[in-house]
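Let me begin by presenting the structure, written as structure tokens, before commenting on it.
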């Protein structure tokens, strides 16, 4: 190879290397900007920001500043980003710097993909960054404030008069600390006892509060489900109450006219009321009514609204029970409820299989049984007798004959354990009587949680349930029933 050829190849390679370095150093792009996306934004001031300054996401360079223009009194900054950088609807930009006096750059927060892509023809929202000038202005204001405070302190405690004030303050602090020391020594035992009591209370609350929170959450979920399930019925009840109120208004107007006529002595009733014999009979009737109402006042009327979730059939039971107690040791219980009872269903299908002996296809009838939910509205009416902590009951249980035993303990019968047996008629799907084991615990006023097992003796229908409810006494119901008895 000739010397001229070698020299030419050497210079050509050198020019190529120099050109590559120029492209890398000056950040030029081969092939135009087909692999770049342009965005723009506005800042109130961009002091220290230059063309080709970096655009960074989480500290990583993803682009650069193309141009900086003045538009409408604000700095318009054109950005060049890589096509791989996605910008979403909640994206923002701000000015940042590497260190206090370092290089300025654009800090890009690309946003979240759930907001969708950011429009290319709209400016990116900008946030004001912290600059060195702002920091210096803040430091100058702080210095002025400190200077004012020191001047005020110098005027207040400077000189001999201020020294005397400081000495008086020190003396007062010394006397006060001595009194506190003496008081603490005298009440050292009481303080220790108080701290021990506080620690015991906090330990007790630490154990009980999570359990109470879980119980409240469970009761709230069950009550919400019960209200959602019976919302149409509640709307109908509200409409009926509204109609009843309108009827009461018309009745009240008629009664007003009637009483005016009676006061004037008009009609048969008005004349009878003006007769002394009639007045005596009315007084005797009032005495009888008072005696009757006195008997009702001795009775207790207890309501129990409850709901439970049946685990196996994924359904729920809602009920309302009323206890009429003439005496504390016995009462009558009436209840209505919507019960998701179990029912065995059977399905059949015909399939074709190969006979393993002959190898010929044969038709086979397959049968399968499964348990389904048969929701039913049931009524209960029982008589209950209490002997000590045991309560014996018998009567109609969800439309079937039955009885039970319940143990009630703790103050106010807050803990109850019971067994209920009913429906003794033998059937193919339910060959054994139905037994139900229940437990309930009243954790706050009338609110309680409950759990148990249903259909213990019938394994196909056996299921666990849990739920809660509210118990309370209703004096207004006592008055209404008493008035109904007087009307009869």
| message | Among the numbered criteria (1) outside any strand (DSSP E or B); (2) at pLDDT below 75, which one does residue 345 miss? | response | (1)
| said: With the structure loaded, tell me whether residue 224 is outside the structural domain of residue 306 (by TED's automatic domain parsing) and at pLDDT below 80 or whether it fails that test. | reply: yes
| Is it the case that residue 155 is in contact with a helix residue (DSSP H, G or I) (Cβ under 9 Å, 6 or more places away or on another chain), surrounded by 10 or more Cβ atoms within 10 Å (Cβ to Cβ) and farther than 30 Å from residue 95 by Cα? | yes
| Members of the stretch 106-152 that are at pLDDT below 85 and surrounded by 11 or more Cβ atoms within 10 Å (Cβ to Cβ) | 127, 128, 129, 130, 131, 132, 133, 134, 135, 137, 138, 151
| query | Given the structure, is residue 194 out of contact with any helix residue (DSSP H, G or I) (no Cβ under 7 Å at 6 or more places or on another chain), more than 30 Å from residue 468 (Cβ to Cβ) and at pLDDT below 85? | reply | yes
| said: Here is a list: 227, 223, 205, 176. Which entry is surrounded by 10 or more Cβ atoms within 10 Å (Cβ to Cβ) and over 48 Å from the mean Cα position of the chain (by Cα)? | reply: 176
| Can you tell me how many residues in the stretch 70-84 are within 19 Å of residue 127 (Cα to Cα) and either loosely packed, with under 11 Cβ neighbours inside 10 Å or not assigned by TED's automatic domain parsing to the domain that holds residue 113 (or both)? | 4
| said: If I filter the stretch 54-68 for residues that are part of a loop (DSSP other than H, G, I, E, B), in contact with a strand residue (DSSP E or B) (Cβ under 6 Å, 6 or more places away or on another chain), closer than 14 Å to residue 104 by Cβ and in the same structural domain as residue 97 (by TED's automatic domain parsing), do I get at least one hit? | reply: no
| Looking at (1) modelled with pLDDT of 85 or more; (2) loosely packed, with under 12 Cβ neighbours inside 10 Å; (3) in the same structural domain as residue 125 (by TED's automatic domain parsing), which is the one condition that is false for residue 13? | (3)
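The values are calculated or read from the model by the stated rules, or taken from the named source; none is laboratory data. Please read all numbers here as calculations on a predicted model, not as lab measurements. Note that each Cβ is placed from the backbone with ideal geometry, even for glycine, and that neighbours are counted across all protein chains shown.
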